[in-house]
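Each reported figure results from applying straightforward, stated rules to the coordinates on display, with no laboratory input. Note that the structure is a prediction, hence the values are computed from the model and not measured. Here Cβ is always computed from backbone atoms with ideal geometry, including for glycine, and neighbour counts include all displayed protein chains.
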Amino acid sequence: MGWLIFLGLIVLVIFWAVGAYNRLIGLRNQFKNAFAQIDVQLKRRYDLIPNLVETAKAYMKHERETLEAVIKARNIAVTANQTAAADPGNAGAMQGLVAAEGALRGALGKLFALAEAYPDLKANQNMMQLTEELTGTENKIAFARQAFNDAVMTFNTAVEQFPSNVIASAFSFKQAELLAATEAPEEKKPVKVQF
């Protein structure tokens, strides 16, 4: 009779371990899928940027350095995104993507700031449409980033919590990196209001 209880406990532990393992796999797949949604929006933005630069180039002949900086930052971000998409759980890849996206955002910000000095460019229908599409894409990226971070947080919690952390460590489940906002450090400083 005692061996039946022991055998029952062993079977119970095996079922628990399989369930915990499968839950971790499911959670990992959820954050990978959430990153795939970010990837779609980032690729859309990367496709819009050359058209934006091409439109601006006709008006901003003297701003070649800025236009080249945008294209260079875009190309670096594309490469960083491909690396992150290959393994969204890789902390180094996520940090590389955050840095590349920050540089791209800074280059685009400089481009839009310079575009303000060119009224004909601001009034160009193609430029207005591209800017609107880019803004919409940025919003979609923000929502997709939030969904990804939520999925990563759920996964990381499962990796840390007892008793699933036993299975996580036994099968080398590592915590995933959150995809932080890509604001420049100066954008994170509090705004000073002076009268």
Quick check: from the Cα gyration tensor, does segment 5-78 come out rounded (a/c under 1.5), prolate or oblate?
prolate
Spin-label model distance (nm) - N90 vs E65, 7 Å beyond Cα toward Cβ
3.4 nm
Taking Cα atoms only, helix 64-86 is inclined relative to the longest principal axis of the chain by an angle, in degrees rounded to 10, of 10 degrees
So the label point goes 7 Å from the Cα of K110 along Cα→C-beta, right? Which residues of segment 47-71 then have their backbone N under 12 Å from it?
63-71
Under a crude label model (7 Å from the Cα following the beta-carbon direction), how far is E54 from T157 in nanometres?
4.6 nm
Which whole-angstrom value gives the distance between the alpha carbon centres of segment 7-23 and segment 26-91?
43 Å
Would you calculate the separation in nanometres between label points at V166 and Y118, each defined as 7 Å from the Cα along the Cα-to-beta-carbon direction?
6.5 nm
With Cα atoms, 0 to 90° folded angle of helix 91-115 axis to the chain main axis
20 degrees
